[in-house]
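S.K.: First the structure, which I've put down as structure tokens, then a few questions once you've had a look.
The values are calculated or read from the model by the stated rules, or taken from the named source; none is laboratory data. Just so you know, these numbers come straight off a predicted model, no measurement behind them. Here Cβ is always computed from backbone atoms with ideal geometry, including for glycine, and neighbour counts include all displayed protein chains. Only protein heavy atoms, including side chains, enter the accessible area calculation; ligands, DNA and RNA are left aside. Shrake-Rupley method; radii C 1.70, N 1.55, O 1.52, S 1.80 Å.
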Amino acid sequence: GAVVSQHPSWVICKSGTSVKIECRSLDFQATTMFWYRQFPKQSLMLMATSNEGSKATYEQGVEKDKFLINHASLTLSTLTVTSAHPEDSSFYICSAPAQAQGTKNIQYFGAGTRLSVL
Amino acid sequence: SQQGEEDPQALSIQEGENATMNCSYKTSINNLQWYRQNSGRGLVHLILIRSNEREKHSGRLRVTLDTSKKSSSLLITASRAADTASYFCATLRGTSYGKLTFGQGTILTVHP
């Protein structure tokens, strides 16, 4: 089945630095991808919709300048956490919708990236 | 706010027992999905039930949907230790593919 690859799986960084997370659709094209954030033992919260060739759309309360999203190709979306602070520590997960007819409501998820900001 | 609310928040059972998780939602839906998440991993799609369906089966999974009560349940029969994971229901926001609203999830622990 379709696979979404997310990298890195775990990153530790110092406060004030920026971290880039990649999300790739491996065997299909994804004009749209989604970025979620998940705190320990909590549910996923949608952060933004990544659109290939155009600007990302952010959910209410998500800082655009803090979480930069780039969807430069049909198979790659990146999320950059800029000037990271300890409160940005979280689990970030990307997803891409299935492409086959009748399955577009289903999402394929990456394995997630655990970000720890010291 | 989260559309889907699930109960129980945590469920601990023995292998071979059945596990039932419930989910409620607030707005009208076209379909409802269930996903599984192993600890520290991404989500895996389990099953999708459409608003005009009342029950759906997939292997050991049985999902029901009651649109009048805005609720759904996921039943895992003959549970195995490998079923230990978090389970989330998810509904679609509007007509945009992929903008899912997730429930709070149920943490299922199956003891060998």
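S.K.: Are any residues in segment A:77-91 part of a loop (DSSP other than H, G, I, E, B) and β-branched (Val, Ile, Thr), and if so, which ones?
M.R.: A:Thr82
S.K.: Next question. Does segment A:30-44 contain any residue that is more than 22 Å from B:Ser86 (Cβ to Cβ), open to solvent by 40 Å² or more (accessible area, probe 1.4 Å) and of a type outside the set (Lys, Arg)?
M.R.: Checked against the condition, which is being more than 22 Å from B:Ser86 (Cβ to Cβ), open to solvent by 40 Å² or more (accessible area, probe 1.4 Å) and of a type outside the set (Lys, Arg), segment A:30-44 yields at least one hit.
S.K.: Give just the number: which of (1) under 22 Å from B:Val44 (Cβ atoms); (2) under 14 Å from the mean Cα position of the chain (by Cα); (3) surrounded by fewer than 15 Cβ atoms within 10 Å (Cβ to Cβ); (4) not β-branched (Val, Ile, Thr) does A:Lys64 not satisfy?
M.R.: (1)
S.K.: Moving on to the next point. Which one of the conditions (1) assigned to a strand (DSSP E or B); (2) more than 25 Å from A:Ala30 (Cα to Cα) does B:Ser39 fail to meet, given that it meets all the rest?
M.R.: (1)
S.K.: Let me ask another. Determine whether segment B:75-87 contains at least one residue that is under 27 Å from B:Gly16 (Cβ atoms), in contact with a Phe, Trp or Tyr (Cβ under 7 Å, 6 or more places away or on another chain), of a type in the set (S, T, N, Q) and within 14 Å of another protein chain (Cβ to nearest Cβ).
M.R.: No, segment B:75-87 contains no residue that is under 27 Å from B:Gly16 (Cβ atoms), in contact with a Phe, Trp or Tyr (Cβ under 7 Å, 6 or more places away or on another chain), of a type in the set (S, T, N, Q) and within 14 Å of another protein chain (Cβ to nearest Cβ).
S.K.: Considering B:Ala19, B:Ala10, which residue is among the small types (Gly, Ala, Ser) and at pLDDT below 95? First the steps, then the outcome.
M.R.: Values: B:Ala19 fails: at pLDDT below 95.
Result: B:Ala10 is the single residue among B:Ala19, B:Ala10 that is among the small types (Gly, Ala, Ser) and at pLDDT below 95.
S.K.: A:Glu63 is checked against (1) over 21 Å from B:Thr91 (Cα atoms); (2) in contact (Cβ under 8 Å) with a residue 12 or more places away in the chain and fails just one. What number does that condition carry?
M.R.: (2)
S.K.: A further question on this structure: For segment A:4-29, give me each residue that is of a type in the set (A, V, I, L, M) and surrounded by 14 or more Cβ atoms within 10 Å (Cβ to Cβ).
M.R.: A:Val4, A:Val11, A:Val19, A:Ile21, listed by residue number.
S.K.: If you don't mind, another one. Of the conditions (1) open to solvent by 70 Å² or more (accessible area, probe 1.4 Å); (2) of a type in the set (A, V, I, L, M, F, W, C); (3) in contact (Cβ under 8 Å) with a residue 12 or more places away in the chain, B:Val44 fails just one. Which one is it?
M.R.: Result: B:Val44 passes all but (3).
S.K.: Among the listed residues B:Gly105, B:Gly98, identify the single one that is under 19 Å from A:Ile106 (Cβ atoms), within 13 Å of chain A (Cβ to nearest Cβ), open to solvent by less than 20 Å² (accessible area, probe 1.4 Å) and free of Cβ contacts under 8 Å to residues at least 60 places away in the same chain.
M.R.: B:Gly98
S.K.: Ok, one more. Consider only pairs whose beta carbons are under 6 Å apart and that are at least six residues apart or on different chains; among these, list those whose first residue lies in segment B:69-86 and is within 16 Å of B:Gly105 (Cβ to Cβ) and whose second residue is basic (Lys, Arg) and not in a strand (DSSP E or B).
M.R.: B:Ile76/B:Arg60
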